[in-house]
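Everything on this sheet refers to the single structure shown next.
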Amino acid sequence: MELLKPESCKKKLFYAISLFLFCLILIYWKALFTHKSLFWRDTLHTYYPFFEFFRKYIFQGDFPFWNPFLFTGTPQFASPEPPLLYPSTWLFVFIPFSKALTINLILHSLLAALGIYLLGQIYKLQWLTSIFSACSFIFCGIYFSLNNVFPLIWTCSWIPLLIY
């Protein structure tokens, strides 16, 4: 078997990422490019108030160490959900909630697909097999159902890269 040149690996990686991004935008196009949102089940009742609270405090010039609205007061900074210092949390401060949610899901699914693709390349799978594996992972029912509890998507998306 002939070793691949680095330029060829970079091209294949670029094509794989482009394909993953195209598929994800195709899936989420309505929520991304219109005024529609993905869903409003647990997301609306659980995460929307947290991010509105976070946004309000940031725009007032304060950091929300304490949340007086939850249980008569709770330390928000110490709470794991939502993680206030996680970088993609800050999208919810500057972008409307439904768009920030969609962008977060796309970015984290892309991250997971990249991790699975790279794992496939480490194990010397063929290029198309690695792409199929990555698509199978990010579009499988279990992963896709976590969209409703999206901080779990944030966690699951990093696992393939950590293994890589």
Leading residue by the ranking (nearest to Val93 (Cα to Cα)) among those in the stretch 64-81 that are of a type in the set (A, V, I, L, M, F, W, C) and more than 24 Å from the chain's Cα centre (by Cα): Phe65
Selection within the stretch 131-146 - open to solvent by 50 Å² or more (accessible area, probe 1.4 Å) and outside any helix (DSSP H, G or I): Phe139
Residue pairs meeting the criteria (Cβ under 7 Å; at least 6 apart or on separate chains; first surrounded by 16 or more Cβ atoms within 10 Å (Cβ to Cβ), in the stretch 27-51; second outside any helix (DSSP H, G or I)): Ala31/Ser37; Ala31/Leu38; Tyr47/Pro82; Phe50/Pro82; Phe51/Pro82
Qualifying residue in the stretch 1-14 (condition: of a type in the set (A, V, I, L, M), more than 30 Å from Lys124 (Cβ to Cβ), modelled with pLDDT of 85 or more and surrounded by 12 or more Cβ atoms within 10 Å (Cβ to Cβ)): no
Residues that are part of a helix (DSSP H, G or I) and without any contact (Cβ under 8 Å) to a residue 12 or more places away in the chain, drawn from the stretch 62-99: Pro87, Trp90, Phe94
Filter result (open to solvent by 70 Å² or more (accessible area, probe 1.4 Å) and in contact with a helix residue (DSSP H, G or I) (Cβ under 7 Å, 6 or more places away or on another chain)) within the stretch 59-80: Phe69
Meets criteria (part of a helix (DSSP H, G or I) and within 30 Å of Gln126 (Cα to Cα)) for Tyr28: yes
Checking Ile163 against (1) farther than 21 Å from Leu26 by Cβ; (2) touching a Gly at 6+ places or on another chain (Cβ under 8 Å); (3) open to solvent by less than 10 Å² (accessible area, probe 1.4 Å), the condition it does not meet: (3)
Condition check for Ile106: in contact (Cβ under 8 Å) with a residue 60 or more places away in the chain and surrounded by 18 or more Cβ atoms within 10 Å (Cβ to Cβ): yes
Failed criterion for Leu38 (all others in (1) part of a loop (DSSP other than H, G, I, E, B); (2) modelled with pLDDT of 80 or more; (3) under 18 Å from Leu91 (Cα atoms) hold): (2)
Qualifying residue in the stretch 45-60 (condition: assigned to a loop (DSSP other than H, G, I, E, B), out of contact with any strand residue (DSSP E or B) (no Cβ under 6 Å at 6 or more places or on another chain) and modelled with pLDDT of 85 or more): yes
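The values are calculated or read from the model by the stated rules, or taken from the named source; none is laboratory data. Note that the structure is predicted; figures quoted are calculated from it, not measured. In this analysis, Cβ positions are derived from the backbone assuming ideal geometry, glycine residues included, and neighbour counts consider all displayed protein chains. Side chains are part of the model used for accessible areas, which takes the heavy atoms of the whole protein and leaves out ligands, DNA and RNA. Shrake-Rupley method; radii C 1.70, N 1.55, O 1.52, S 1.80 Å.
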